[in-house]
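**Student:** Dumping the structure here so I can ask a few things about it.
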Amino acid sequence: MKFAIALFSAPHAPSSRRALRFAEAALASGHEIVRLFFYQDAVHNASNAAVPPQDELNLPAEWGVFVRHHRLDAVVCIAAALRRGVLNEEEARRYGRPSANLGEPWDLSGLGQLHEAAQMADRLVCFGGP
Amino acid sequence: MATLHLLSHSPFGDSRFASCLALLGRNDALLLTGDAVHALRAGSTPWESVQQLPEGIAVFALDEDLAARGIAPSGRVQPVNYPGFVELCCRYEKVNSWL
């Protein structure tokens with residue numbers, strides 16, 4: 001079965017962790033993830049600048065490892081990211097910001113990518129809220 | 001077409017839970033995660049509503065969230081782990097998250 005997974009919540013929300021555990025279980029069960037889409041506050045999951053307390057889960061780091069390891073298509077909504085200061089090199093340069101905090105394995109792109117993922121997948125599963 | 005409804009908000013904080021129950025189709029299912037598992041506190045109003053759902057509606061709850069809140073699943077509630085969660089998403093034709 002082909003899954004598209006959309007995440008709407010910040011890294012410190014339990015739903016971000018739930019989404020990751022679900023994604024891991026989906027692949028472990030032999031399913032395919034056609035795309036991960038990070039929207040709204042979930043764009044912070046793709047930031048490489050977050051420093052969570054050492055005794056807490058580092059979810060942005062865990063997502064990065066997961067996406068890289070499985071070579072997944074992980075798209076971050078560009079409009080949601082820019083307004084929250086989550087920028088790659090190109091956008092930091094374009095808007096004259098002093099640094100970038102988003103790199104590989106993430107892609108900044110538009111909401112159309114979520115729509116396309118929903119068309120490609122057998123199931124769209126959304127995670128957000130608490 | 002049966003839908004799996006995914007809830008994570010506490011039933012005591014807002015009206016999502018009540019709205020969801022009102023919209024359930026005959027063969028839909030509920031999967032309670034996070035604070036939504038508080039709906040299974042025996043004797044509470046949401047728990048009464050769950051007990052009164054029609055037979056055809058299956059009720060699932062994520063086991064780690066039950067354990068974290070010290071709630072023992074009873075009656076019609078079926079605990080699931082993450083592989084079970086994935087399997088439910090395959091079993092039902094649509095997954096509707098109450099974000």
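Read-outs: derived from the displayed coordinates by stated rules, not from any lab. All values derive from a computational prediction rather than experimental measurement. Quick reminder, even Gly has a Cβ in these numbers, built from the backbone with ideal geometry, and neighbours come from all protein chains shown.
Per-residue answers, yes or no, for (1) in a loop (DSSP other than H, G, I, E, B); (2) among the acidic types (Asp, Glu); (3) surrounded by fewer than 18 Cβ atoms within 10 Å (Cβ to Cβ):
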site: B:Leu6; (1), (2), (3): no, no, no
site: B:Leu31; (1), (2), (3): no, no, no
site: B:Asp35; (1), (2), (3): no, yes, no
site: B:Ile71; (1), (2), (3): yes, no, no
site: B:Pro83; (1), (2), (3): no, no, yes
site: B:Glu87; (1), (2), (3): no, yes, yes
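**Student:** Can you name every residue in the range A:48-88 that is farther than 19 Å from A:Ala4 by Cα and surrounded by fewer than 12 Cβ atoms within 10 Å (Cβ to Cβ)?
**Tutor:** Within the range A:48-88, A:Val51, A:Pro53, A:Gln54, A:Asp55, A:Glu56, A:Arg83 qualify.
**Student:** Right, another one. Give the residues of the range B:45-69 that are within 26 Å of A:Asp41 (Cβ to Cβ), assigned to a helix (DSSP H, G or I) and more than 9 Å from every other protein chain (Cβ to nearest Cβ), sorted by residue number. Talk me through it step by step, then tell me what you get.
**Tutor:** Taking the range B:45-69 and keeping what is within 26 Å of A:Asp41 (Cβ to Cβ), we get B:61-62, B:64-65, B:68-69.
Still in the running and assigned to a helix (DSSP H, G or I): B:64-65, B:68.
Of everything in the range B:45-69, just one residue is within 26 Å of A:Asp41 (Cβ to Cβ), assigned to a helix (DSSP H, G or I) and more than 9 Å from every other protein chain (Cβ to nearest Cβ), namely B:Ala68.
**Student:** Among the numbered criteria (1) more than 21 Å from A:Asn101 (Cα to Cα); (2) surrounded by 24 or more Cβ atoms within 10 Å (Cβ to Cβ), which single criterion is violated by A:Ala28?
**Tutor:** (2)
**Student:** Considering the range A:39-56 alone, what residues qualify as being in contact (Cβ under 8 Å) with a residue 40 or more places away in the chain and touching a strand residue (DSSP E or B) at 6+ places or on another chain (Cβ under 8 Å)?
**Tutor:** A:Tyr39, A:Gln40, A:Ala42, A:Val43, A:Ala46
**Student:** Residues in the range A:5-19 that are farther than 9 Å from A:Phe127 by Cβ and surrounded by 24 or more Cβ atoms within 10 Å (Cβ to Cβ): how many?
**Tutor:** 1
**Student:** To continue, here is another question. Output the residues belonging to the range B:8-29 that are surrounded by 23 or more Cβ atoms within 10 Å (Cβ to Cβ) and among the aromatic types (Phe, Trp, Tyr).
**Tutor:** Of everything in the range B:8-29, just one residue is surrounded by 23 or more Cβ atoms within 10 Å (Cβ to Cβ) and among the aromatic types (Phe, Trp, Tyr), namely B:Phe17.
**Student:** On to the next question. Output the residue which, of all residues in the range A:34-47 that are surrounded by 24 or more Cβ atoms within 10 Å (Cβ to Cβ) and either within 12 Å of chain B (Cβ to nearest Cβ) or in contact with a Pro (Cβ under 8 Å, 6 or more places away or on another chain) (or both), is nearest to A:Arg84 (Cα to Cα). Full working, then the answer.
**Tutor:** The first filter runs over the range A:34-47 and keeps only residues surrounded by 24 or more Cβ atoms within 10 Å (Cβ to Cβ), leaving A:36-38, A:42-46.
Right, trim to either within 12 Å of chain B (Cβ to nearest Cβ) or in contact with a Pro (Cβ under 8 Å, 6 or more places away or on another chain) (or both) and you get A:42, A:44-46.
Details: A:Ala42: 10, A:His44: 8, A:Asn45: 12, A:Ala46: 12 Å.
Among those residues, the one meeting the criterion is A:His44.
**Student:** Within the range A:95-130, can you find the residues that are part of a loop (DSSP other than H, G, I, E, B), within 14 Å of another protein chain (Cβ to nearest Cβ) and under 17 Å from A:Phe38 (Cα atoms)? Give the derivation first.
**Tutor:** Here is the first cut: in the range A:95-130, the ones part of a loop (DSSP other than H, G, I, E, B) are A:95-105, A:110-111, A:121-122, A:128-130.
If we keep only those that are within 14 Å of another protein chain (Cβ to nearest Cβ) too, we end up with A:121-122, A:128-130.
Hits for the range A:95-130 are A:Ala121, A:Gly128, A:Gly129, A:Pro130.
**Student:** I'm checking my understanding of the structure. Among residues of the range A:1-19 that are more than 9 Å from chain B (Cβ to nearest Cβ) and in contact with an Asp or Glu (Cβ under 6 Å, 6 or more places away or on another chain), which one is farthest from A:Glu116 (Cα to Cα)?
**Tutor:** Top of the filtered list is A:Ala10.
**Student:** In addition: So which pairs qualify, if the first residue must be in the range B:1-14 and over 18 Å from B:Leu66 (Cβ atoms), the second must be in a strand (DSSP E or B) and charged (D, E, K, R), the Cβ gap must be under 6 Å, and the two must be at least 6 apart or on different chains?
**Tutor:** B:Thr3/B:Lys94
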